[in-house]
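Below is one structure, written out as structure tokens; the observations come after it.
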Amino acid sequence: MTDVTTATVAPPRPTTLDTLESEGIHIIREAVGGARKPALLFSGGKDSVVVLHLAAKAFWPARVPVELLHVDTGHNFQEVLDFRDRTVERLGLRLQVASVQDYIDDGRLRERPDGTRNPLQTVPLLDAIAGHGYDVVLGGARRDEEKARAKERVVSLRDEFGQWDPRNQRPELWNLYNSRHLPGQHVRVFPLSNWTELDVWRYIEREGIELPGLYYAHEREVFQRDGMWLTPHHSVRVRETDTIETRVVRYRTVGDASCTGAVESSAATVDEVIAEVAATRITERGATRADDRLTEAAMEDRKKEGYF
Amino acid sequence: MATEIIATPSLLRFATAGSVDDGKSTLVGRLLHDTKSILADAYEAVARVSHERGSTEVDLALLTDGLRAEREQGITIDVAYRYFSTPRRTFILADCPGHVQYTRNTVTGASTADALVVLVDARYGVVEQTRRHLAVASLLRVPHVIVAVNKIDLLDYAEAPYRSIARHVESHAEALGLPSVISIPVSALVGDNVAVRSEQTPWYDGPTVLDVLETAPSIDEGADAVAAAHRHGIAHPTAADAAAAEPGWRLPVQLVLRPQDAAVDPAYREYRGYAGQVAEGTLRVGDHVVVQPSGRRTTVAGIDTPDGPLEFAGPGRSVAVRLADDVDVSRGDLLASASDASGAVKAFAAHVAWLAERPLRVRDRVLVQHGSATVQAMVTSIDGVLDIGLPGGTLDASIKEGHELLLNDIGVVRLQLAAPLAIEDYGHRRRTGAFVLIDPQDGATLAAGTARDKALGVTGDAYVSI
């Protein structure tokens, strides 16, 4: 059977998506194979949806043997939360929700003056990891999102405070991922490390993956603030000077509604989004995330504090 | 144009290496810029910072200096990964800083690289650092090496210095047994021969850096088989030539898939498959299999994916394998084609790149991670340390005496295992020859290792079979 005489039986050249998919599945299997109690961060955002899709493939024909964890800022878009719950139901999985609102209500966290809750996710996340005893936490972060992330390992060690120490990272060699850690520590694992935004969208198209409708062009009431289109939401204080108007927009990321902006777009299908992303001249986070603009090192600071 | 971008190109992983001031960050910035991979806001941010620092030019090097500590110090402290694409290919670039933690960073970047771009300053030619880069490329068997002879603009685009450097590089490459090395005259600052052919170098008729990166076959595309075919005088090997030259396959078992009550469909309740990524070669349904380290034999009954069964699975593909017989297989085992499987070993010799602050000494206890297996081990001897500046010209002639390994040393080490591993010669099989050493106490990654059946400077049989 191994006697190969014609070119037709040689495997076809793997495409970029084939390679990235197999790499992602390999990372997920390795992470879970070495874990005592793994969790997968699932928000209903496109990157976490792709990680979950890869996990479903990695363990097929068994269900994904991993609990899902979502840190709910209380500022999430309702339709994304509905999508999250439908997905969990469809795959027969268990979801744990850590609620930032609970922490604010009982005084463990205080609302920031700017109303942004992304930086507040760290404490509930770390408490949930410690409380549930997760030792390996899968996430959808990509290295191309941001300069600090470009240097993070696929398997990233976090200390007792969830902190990432960029100067003391383990070397990561070949595809040999070391997820060993001491009691109290845990590792974050990023199967999409090597994917770009365009890869994610091309994969969503190839696999026919369903996403929340916000990712596609729709009519929405919006107002402009700091050069971004925000939507009226219970988390956003609309000022008298804000002019609310109806525009055709879509979201490139679907995080906290108070700091995630929509972009004007007519891309209503996956194909159209791919064409738009391929032609875009502004990075994903630059266009839509106010919190990353705070300082040049904003992401690095939050990662060191235990953020995703 | 949009359709070209949306097409599905293949992937190439490459690393860049250079000394301080060779212009490596500028070359990387130039590649990103000329392939239109820098988005407007990222470019504006770099332009703004350049301006704040009083520079009149946009410093492309700032694009790749990611961490705050690095920006403040103006140095790059860790391997950073960059992503860009052309209509022909997508690229993963591991940008390896050259000065501190030199071996650690270059070995890390080169371990996954299909190609290594080595920067040389045209004014100074091949220096010790260049020989180090070439030595690492040889030790890790990077399939393609591109020597970018940079700053030719400062030499008024003279041909002679380039020719002299190219000859030097060629003789080193030959001594090191590097299969594919090309020297290209470039100016990263101006852009000559990086992505665009220069009009200043009419005496150079070879490819640009990007030309080579776009066309060189990756490891998963059979780079080794293509190189072997070239050695045998076949200039343009077909896929069949490459497949025929391929010596069997390997698949480390990551998980046993036995869904039972957790099956996605009741039809799969009794399913039993072995999940893993094809490490080498192409496995096919019906192939004879040896399970390592037990040595049990069976055949491949099926290759499964959620998208349907496959007749064959090539290198890099993640699959689930069903076996014809009910043999005992668990995570950490290796499935190997029976035609060429070698036995598992309980002791072996290896080249070890030591990446930890504390030294490695004889009788130290470590963990060996190989594929999905982790086994306790003891260092039984340290037989020498490589002088990576290659005073002897070849790797073999550059082993000096040494009985401990310090940070960034590469040594010849013998290891005794507590349980057998199907570890093979890295010279023939990257994936099953590669391993890492882990600290059993705190879990830190200590070293990168490549098993060798003929270790440098060591005579006699390096492998001790069980």
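Over the stretch B:345-465, the fraction of Cα-Cα pairs per 10 Å bin, rounded to whole percents and listed from the shortest bin up, is 15, 51, 31, 4.
Nearest 100 Å² is fine: what is the total accessible surface buried where chains A and B meet, probe 1.4 Å?
Numbers: alone 15610 and 21990 Å², together 30380 Å².
It comes to approximately 7200 Å² buried between A and B.
Each label point was placed 7 Å from the Cα along the Cα-to-Cβ direction; for B:His51 and A:Glu207 their separation is 4.2 nm. Peptide A:134-147 is shielded by partner chain Cβ atoms: per residue, an average of 2 of them sit within 10 Å of its Cβ. With contacts taken as Cα pairs under 8 Å and at least 6 residues apart, the stretch B:345-465 reaches a relative contact order of 38 percent.
If R0 is 35 Å, the Cβ-Cβ spacing of A:Gln224 and B:Ala267 corresponds to a FRET efficiency of close to 0.05.
Restricting to bridges with both residues inside chain B, how much of the DSSP beta-bridge set is antiparallel, in percent to the nearest 5?
Expressed as a percentage, antiparallel bridges in chain B total about 75.
Computed on the stretch B:2-225, with alpha-carbon pairs under 8 angstrom and 6+ residues apart, the relative contact order is 22 percent. In the protein assembly as shown, taking the dipole from charged Cβ atoms about the Cα centre, the farthest positive-side position among A:Ser258, B:Gly389, B:Gly314 is held by B:Gly389.
Farthest toward the positive end of the dipole of chain B, out of B:Thr106, B:Val285, B:Pro359, is the Cα of B:Pro359, where the dipole comes from beta carbon charges about the Cα centre. Legend: mean number of C-beta atoms from other chains within 10 angstrom of residue C-beta atoms, peptide A:54-60, equals 5.
Remark: the stretch B:350-413 projects, on average over all directions, an area of 4.6 nm² (convex hull of Cα atoms). Rounded to the nearest 20, the size of the Cβ-charge dipole of the stretch B:243-373 about its Cα centre is 660 debye, with Lys and Arg at +1 and Asp and Glu at -1.
Each residue of the stretch B:370-382 is assigned a 3J(HN,Hα), and the resulting list reads 9, x, 9, 9, 10, 9, 5, 8, 10, 6, 8, 7, 10 Hz, derived from the Karplus form 6.51 cos²θ - 1.76 cosθ + 1.60 (θ = phi - 60°), x at Gly and Pro.
Normalising the average separation of contacting C-alpha pairs (under 8 angstrom, six or more residues apart) by the number of residues puts the relative contact order of the stretch B:250-337 at 37 percent. Two numbers describe the Cα atoms of chain A: Rg and Dmax, which are 19.9, 76 Å. The three principal axes of the C-alpha atoms in the stretch A:148-286 carry coordinate ranges of 53, 38, 25 Å, sorted with the longest axis first.
Considering only protein heavy atoms and a 1.4 Å probe, what is the carbon-and-sulfur percentage of the accessible area of the protein assembly as shown?
The nonpolar share, carbon plus sulfur, comes to 49 percent.
Report the per residue volume, in Å³, of the convex hull enclosing the C-alpha atoms of the protein assembly as shown.
Residue-normalised Cα hull volume stands at 161 Å³.
In this rough spin-label picture, where each label sits 7 Å from Cα along the Cβ direction, the A:Gln101-B:Gln416 distance is 6.3 nm.
Averaged over the residues of peptide A:18-24, the number of Cβ atoms from other protein chains lying within 10 Å of each residue's Cβ is 6.
Secondary structure note: in chain A, about 55% of the DSSP beta bridges are antiparallel.
When peptides B:160-168, B:312-320 are sorted by average Cβ neighbour count within 10 Å, with the highest value leading, the order is B:312-320, B:160-168.
Counting only Cβ charges, +1 for Lys and Arg and -1 for Asp and Glu, the dipole size of chain A around its Cα centre is about 740 debye. Rank B:Leu134, B:Leu93, B:Leu119 by how far each Cα sits towards the positive end of the charge dipole of the stretch B:82-146 (+1 on Lys, Arg Cβ; -1 on Asp, Glu Cβ) and give me just the farthest. Final value for the positive-end residue is B:Leu93.
Each principal axis of the stretch B:2-225 carries a Cα extent, and these read 47, 40, 38 Å when sorted largest first. Dipole size of the protein assembly as shown about its Cα centre, with +1 on Lys/Arg Cβ and -1 on Asp/Glu Cβ: approximately 1380 debye, rounded to the nearest 20.
Accessible surface comparison of A:Met228, B:Met378, probe 1.4 Å, protein chains only, largest first: the order is B:Met378, A:Met228. Between A:Leu69 and A:Leu40, A:Leu41, A:Phe42, A:Gln96, the built amide H atoms are under 5 Å apart, and every one of these is 5 or more places off in sequence or on another chain. Taking each of B:Lys151/B:Lys400; A:Lys46/A:Lys151; A:Lys57/A:Lys147 in turn, the alpha-carbon distance tops 25 angstrom for B:Lys151/B:Lys400; A:Lys57/A:Lys147. For chain B, the calculated P(r), taken from all Cα-Cα distances in 20 Å bins from zero up to the bin holding the longest distance, is 22, 53, 24, 1 percent. In the stretch B:250-337, the C-alpha radius of gyration followed by the widest Cα-Cα span (Dmax) gives 12.1, 34 angstrom. Were the residues from A:Glu160 through A:Arg239 laid out at 0.36 nm apart, the gain over their Cα-Cα distance would be 24.3 nm. For the stretch A:158-199, the share of alpha carbon pairs falling in successive 10 Å distance bins from zero is 22, 49, 26, 4 percent. Think of it as helices only: each DSSP H run of n ≥ 4 in chain B is worth -39500 (n - 2.57), and spread over all residues that comes to -6000 deg cm²/dmol at 222 nm.
The values are calculated or read from the model by the stated rules, or taken from the named source; none is laboratory data. Here the structure is a predicted model, which means the values were calculated and not measured. Here the Cβ is made from the backbone with ideal geometry for all residues, glycine too, and neighbour counts use every protein chain on show. These accessible areas exclude ligands, DNA and RNA; they are computed on the full protein's heavy atoms, side chains included. Shrake-Rupley method; radii C 1.70, N 1.55, O 1.52, S 1.80 Å.
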